[in-house]
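The values are calculated or read from the model by the stated rules, or taken from the named source; none is laboratory data. In this text the structure is predicted, and so the values were computed from the model without any measurement. A quick note on method: Cβ atoms are made from the backbone with ideal geometry, for glycine too, and the neighbour counts reach across all protein chains shown.
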Amino acid sequence: MADETRELAKFAAGFTYDQIPARVRSLALDLIVDQLGVEIGCSEMPWAKQVREVYRRNGGTPEATVVRYGERLPASSAALINSTFGHSFEYDDANPLTHGHLGAELVPSLMAIGEREHSSGRNFLTALVAAYEVRGRIGWAVSPNMLERGGPQYSTTCGPFGVATGVGKLLGLDAEGIRNALGVAGTFSGGLMQYDHGGGSVKRLFTAIGASSGIQAAHLAQGGITGPEGILEGARGLLRIYPSDYQPERLVADFGKQWMIDHLLFKPYSCCALIHPAIDALKKIITANDLKADGIESIEVGYPKGFYDHAAITSPKDLLGMQFSTSYTLAITVLKGRNTPREYTMEVLVDARIRALASKVRLWEDLGLDKYFEGHMPARVKVRTTSGAVHEELVIDAKGSMGAPFSSDEVDDKFRSQVADVFGAERCEKLLGVLRNIDTLDDVAKLPPMLVVKNGK
């Protein structure tokens, strides 16, 4: 077996800003805008406040800034808090090919270290692209079997490797240093997915756990701690331990030709990404046939085998459960007309109309969609009306994904929807201008103060 881990480390260490294709640069900027918008907009969720308070009390050397609130804490603590903000309400990016939430893993981690190290905007963006590529390829190599088997979760399993890569690059580690960081990151890799059956707010921290672990791994490697060779492809490496159909060749295949960031998905809906194509399909049916809730007899949703069990909660007990419930989410689509964070509340969870319509939703494993399992987000929706008519819609690529992409303008509009009410419209636009040109900053430490509320805005 080839030494793929070492090849990834060599790629990351040698990667330069000038090697970033224009398309990849644009997507990386979209990712930064999307993630920071969600961090600001979702930072007041109860679990986000709880995490912030825990690490605020712990204190420590003031190295990096907590988004929106402005506390300065150790870089690892700030990264963990900001990553929690960014993943706190299922509104952050996803990736149908690599799985996980790479923006919430990488952006807050590299921002915190970049602030502490006074990295240039060019170096920050270069580290982000390199880290995304390494992290994405690791997720691709263990896909799709790991999701189908029910875990472990991608952001806690693969995330530490990507973060260790990007942080290591910002710290100036050479290829051997990044290889050691990857080896150490393997010690932190893990994370169970029972949340998609049993709920629990700890799921909101999964990207943060990956972020914190990756930062620790890079720091330990910088300090001289060595990691085992072959941590990914070796006899007891990541790819051997979890899935049965691991594909190590994907770790290095078509470097410079196929970019993992091309496959990212920006979420228009605040729920599990696997439900998004069902929302898109249902909205098309509703619009085409002018349907209302009282005219719906039943809704059937077909998913590929690997998706089916990840979004099948039928009686959610909390908001996370509702966001992983196809039935409740589609009821919200019909009755509320949209699926933004504002629609996922405890009041909606106990709403009798939502519950009644949710009880009419049934899921099935659509074997015809299995061929789209990897790299797509498919769903087939059938709506039977009270008059006996049946309407069917198939969506292969959810809105916001590579097959139905967001434009940069749509990413900016989502950012405004999260930030303008917090910072005010004028300041929001100024911040957008800075983020769209982050690679022109001589010091990314100039950015975090712009992400903090001042004088009420």
(request) Kindly establish whether residue 436 is of a type in the set (Lys, Arg) and under 23 Å from the mean Cα position of the chain (by Cα). (result) yes
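May I ask you to verify whether residue 136 is under 12 Å from the mean Cα position of the chain (by Cα) and assigned to a helix (DSSP H, G or I)?
Numbers: under 12 Å from the mean Cα position of the chain (by Cα): yes; assigned to a helix (DSSP H, G or I): yes.
Taking the combined requirement at face value, the residue satisfies it.
Which residue, of 147, 182, 173, is out of contact with any Asp or Glu (no Cβ under 9 Å at 6 or more places or on another chain), assigned to a helix (DSSP H, G or I) and at pLDDT 85 or above? Full working, then the answer.
Working: 147 fails: at pLDDT 85 or above; 173 fails: assigned to a helix (DSSP H, G or I).
The conditions single out 182.
Conditions (1) surrounded by fewer than 15 Cβ atoms within 10 Å (Cβ to Cβ); (2) in contact with a strand residue (DSSP E or B) (Cβ under 7 Å, 6 or more places away or on another chain), marked per residue:
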position	(1), (2)
364	yes, yes
382	no, yes
395	no, yes
402	no, no
430	yes, no
439	no, no
450	no, no
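Suppose we filter 380, 384 for residues that are among the charged types (D, E, K, R), more than 23 Å from residue 323 (Cβ to Cβ) and part of a strand (DSSP E or B); which single one remains?
Values: 380 fails: more than 23 Å from residue 323 (Cβ to Cβ).
It is 384.
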(request) Being out of contact with any Lys or Arg (no Cβ under 8 Å at 6 or more places or on another chain), at pLDDT below 95 and of a type in the set (Lys, Arg) narrows it down to one of 25, 68, 57, so name that one. (result) 57
(request) Look through segment 51-64, keep the residues that are assigned to a loop (DSSP other than H, G, I, E, B) and not hydroxyl-bearing (Ser, Thr, Tyr), and return whichever of them is nearest to residue 438 (Cα to Cα). (result) 63
(message) Please go through segment 246-283 and give me each residue that is surrounded by fewer than 19 Cβ atoms within 10 Å (Cβ to Cβ) and either of a type in the set (D, E, K, R) or not in a loop (DSSP other than H, G, I, E, B) (or both), ordered by number.
(response) 249, 254, 257, 262
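One line per residue, one yes/no per condition, for (1) surrounded by 17 or more Cβ atoms within 10 Å (Cβ to Cβ); (2) assigned to a helix (DSSP H, G or I); (3) at pLDDT 95 or above:
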| position | (1), (2), (3) |
| --- | --- |
| 317 | no, no, no |
| 328 | yes, yes, yes |
| 332 | yes, yes, yes |
| 339 | yes, no, yes |
| 347 | no, yes, yes |
| 355 | no, yes, yes |
(request) Give segment 35-49 a look and list any residue that's more than 16 Å from residue 428 (Cβ to Cβ) and either touching a residue at least 60 places away in the same chain (Cβ under 8 Å) or in contact with a strand residue (DSSP E or B) (Cβ under 9 Å, 6 or more places away or on another chain) (or both), or say none. (result) 44, 45, 46, 47, 48
(message) Out of everything in segment 25-40 that is in contact with a helix residue (DSSP H, G or I) (Cβ under 6 Å, 6 or more places away or on another chain) and more than 18 Å from residue 90 (Cα to Cα), what residue ends up being surrounded by the fewest Cβ atoms within 10 Å (Cβ to Cβ)?
(response) 27
(request) List the number of the failed condition for residue 92; all other conditions in (1) in a loop (DSSP other than H, G, I, E, B); (2) more than 27 Å from residue 341 (Cα to Cα); (3) of a type in the set (Asp, Glu) hold. (result) (2)
(request) Kindly list, by first and then second residue, each pair from a residue in segment 424-446 that is under 17 Å from residue 35 (Cβ atoms) to a residue that is among the β-branched types (Val, Ile, Thr), limited to pairs with Cβ atoms under 6 Å and residues at least 6 apart or on different chains. (result) 428/419; 435/32; 435/33
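If a residue must be part of a helix (DSSP H, G or I) and touching a Pro at 6+ places or on another chain (Cβ under 7 Å), how many such residues does segment 1-34 contain? If you could, list the steps in order and put the result at the bottom.
Start the filter on segment 1-34 by keeping residues that are part of a helix (DSSP H, G or I), which leaves 4-14, 17-19, 22-34.
With the extra rule that they be touching a Pro at 6+ places or on another chain (Cβ under 7 Å), the set shrinks to 4.
The total comes to 1.
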(message) So for segment 41-50 (the condition being at pLDDT 95 or above, closer than 23 Å to residue 205 by Cβ, in a loop (DSSP other than H, G, I, E, B) and hydroxyl-bearing (Ser, Thr, Tyr)), does at least one residue qualify?
(response) yes
(message) Among the residues in segment 403-426, are any assigned to a helix (DSSP H, G or I), more than 30 Å from residue 281 (Cβ to Cβ), among the small types (Gly, Ala, Ser) and not assigned by TED's automatic domain parsing to the domain that holds residue 281?
(response) yes
(message) Could you go through segment 122-142 and let me know if any residue there is in the same structural domain as residue 245 (by TED's automatic domain parsing), farther than 18 Å from residue 259 by Cα and small (Gly, Ala, Ser).
(response) no
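Rundown of residues vs (1) assigned to a loop (DSSP other than H, G, I, E, B); (2) closer than 17 Å to residue 164 by Cβ; (3) modelled with pLDDT of 80 or more, yes/no style:
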position: 192; (1), (2), (3): yes, no, no
position: 197; (1), (2), (3): no, no, no
position: 205; (1), (2), (3): no, no, no
position: 211; (1), (2), (3): no, yes, yes
position: 215; (1), (2), (3): no, yes, yes
position: 218; (1), (2), (3): no, yes, yes
position: 228; (1), (2), (3): yes, yes, yes
position: 232; (1), (2), (3): yes, yes, yes
